[in-house]
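Written below as structure tokens is the structure these notes are about.
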Amino acid sequence: MAVEKLRSDEQTEVVRLRDPLRMLARFHGDIRRVLARLDQLAADPQRPGAADEATALAAFLTGPLALHDLDEETVLLPAIAAVAARQRGHVIQVQQAQHDHAHMEERIGALLPQLWQVAKQRRFDPARLRDDIAALHTLLDEHLRMEETVLFPLARRLLEPVVLAGLAEELLRRAQSRRG
């Protein structure tokens, strides 16, 4: 029942908003909250509950965050790139977003073994954990800011409302298919 309510609420929101940029930006708040939790873990990785927190954070990085990036890469960025190529401009912003996503995958890949060590309460290097978290935090902060101040406004200028509505429908379809 709760899942159906969620789906109904999401559908209502998509119909009302028809704005994939708001849908994607809304998730950025979740990312920022996870970054704060990562910072707390880095500050005291041996505190009570750290193992469960590390497990939850690793699950977010490999699940919802990875799917969010995939949605941007396969839904939003190709739409912007198609228009930008026809207008012979703005391709650099799309390329920057793609580069950032690849770099984030590398950073997450470096951080995950550390998180799993904390989760399993095994030996780990606290300095490396802090460094890996700081590097990911910096990269994600810069990337989110670029999307919100450059890429999303660019998409709003370049893409027709009907295209944006189609992207919103595709994002909703993808979200529903992930839920089963």
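The values are calculated or read from the model by the stated rules, or taken from the named source; none is laboratory data. These numbers come from a predicted model, not from an experiment. We place every Cβ from the backbone using ideal geometry, glycine too, and count neighbours over all the protein chains shown.
Can Ala43 be described as surrounded by fewer than 16 Cβ atoms within 10 Å (Cβ to Cβ), farther than 18 Å from Leu171 by Cα and aliphatic (A, V, I, L, M)? Yes. When each of Leu140, Leu129, Leu76 is tested for being in contact with a Pro (Cβ under 8 Å, 6 or more places away or on another chain) and within 28 Å of Leu172 (Cβ to Cβ), the lone residue that passes is Leu76.
Looking only at residues in segment 122-132 that are touching a residue at least 40 places away in the same chain (Cβ under 8 Å) and part of a helix (DSSP H, G or I), the one that is farthest from Thr62 (Cα to Cα) is Pro126.
Against the test of being within 22 Å of Gly29 (Cα to Cα), among the hydrophobic types (A, V, I, L, M, F, W, C) and either in contact (Cβ under 8 Å) with a residue 60 or more places away in the chain or touching a His at 6+ places or on another chain (Cβ under 7 Å) (or both), the options Ala119, Ala54, Ala97, Ala102 yield a single qualifying residue, Ala54. Filtering Leu171, Leu139, Leu158 for residues that are surrounded by 14 or more Cβ atoms within 10 Å (Cβ to Cβ), over 20 Å from Leu65 (Cβ atoms) and in contact with a helix residue (DSSP H, G or I) (Cβ under 6 Å, 6 or more places away or on another chain) leaves a single hit, Leu158. Comparison of Ala81, Ala97, Ala59, Ala135 shows that the only residue that is in a helix (DSSP H, G or I), at pLDDT 95 or above and under 22 Å from Arg174 (Cα atoms) is Ala59.
All of Gln96, Gln117 fail the test of being out of contact with any Leu (no Cβ under 7 Å at 6 or more places or on another chain), more than 30 Å from Arg22 (Cα to Cα) and surrounded by 14 or more Cβ atoms within 10 Å (Cβ to Cβ), apart from Gln117.
Criterion applied to Leu144, Leu167, Leu139, Leu158 was being in contact with a His (Cβ under 8 Å, 6 or more places away or on another chain), over 30 Å from Leu111 (Cα atoms) and not small (Gly, Ala, Ser), and the one residue passing it is Leu158.
Residues of segment 69-87 that are loosely packed, with under 14 Cβ neighbours inside 10 Å and within 21 Å of Arg107 (Cβ to Cβ): Leu70, Thr74.
Take the conditions (1) free of Cβ contacts under 8 Å to residues at least 12 places away in the same chain; (2) in a helix (DSSP H, G or I); (3) loosely packed, with under 13 Cβ neighbours inside 10 Å; (4) touching a helix residue (DSSP H, G or I) at 6+ places or on another chain (Cβ under 9 Å); Gly166 misses just one of them, which is (3). Looking across segment 73-94, the residues that are in contact (Cβ under 8 Å) with a residue 60 or more places away in the chain and closer than 21 Å to Arg145 by Cα come down to Val75, Leu76, Ala79, Ile80, Ala84, His90, Gln93.
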